[in-house]
Amino acid sequence: MTERETDRLIAWAAELRRVHTRIREALALTRAAVRDAEADPGSTERAARDLLLYCHGFCVALDEHHRGEDRALFPGIEAAHPGLAPVLRALEQDHSMIAHLLQGLRAAVDRAADAAVLDRHLEGIAAIMESHFRYEERQLLRVLEGLRIEASVTDALGSM
């Protein structure tokens, strides 16, 4: 069995849950780095490097996850379940909104905004992201349990 055939046999619902869990964990680590930087302002250079690393990693992971869904997973779902098109369009709109919020976070990190500003960005992302993940799971997990698409896990859900 090839890697591609193995990827198609993955339980997409379980994999989506795992990816969401890892992204939630990445957000928690990023927020902890912001709190640590705020608590220890004397170590600004190290804190700035840590924040840049965590924020960049989190932004890339979440953005890559959503791009994979838009590129590979959602078309596969829509082909098998055309009635879900309105749900998929709503999820794609969420992806666009989250991408905009991530860009704001990146800009704040690039201009070395203080921890309070970064935390506000992360709080906004966390709220929208959690709402999005819950809606996506409510609407799609049952469908994903039986879905077979011609895509690797990384292509469909990102590398988290």
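The values are calculated or read from the model by the stated rules, or taken from the named source; none is laboratory data. This structure is a prediction, so every number in the text was calculated from the model and none was measured. Cβ placement follows ideal geometry from the backbone for every residue including glycine, while neighbour counts extend to all protein chains displayed.
The residues in the range 113-127 that are modelled with pLDDT of 90 or more and either charged (D, E, K, R) or more than 14 Å from Ala33 (Cα to Cα) (or both) can be counted, and the count is 6.
Here's the yes/no breakdown for (1) touching a helix residue (DSSP H, G or I) at 6+ places or on another chain (Cβ under 8 Å); (2) over 24 Å from Val34 (Cα atoms); (3) buried (at least 19 other Cβ atoms within 10 Å of the Cβ):
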site: Glu64; (1), (2), (3): no, no, no
site: Val87; (1), (2), (3): yes, yes, yes
site: Gln93; (1), (2), (3): no, yes, no
site: Met97; (1), (2), (3): yes, no, no
site: Leu141; (1), (2), (3): yes, yes, no
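Name the single residue, out of those in the range 9-36 being modelled with pLDDT under 80 and in a helix (DSSP H, G or I), that is surrounded by the most Cβ atoms within 10 Å (Cβ to Cβ). In this case the residue turns out to be Trp12.
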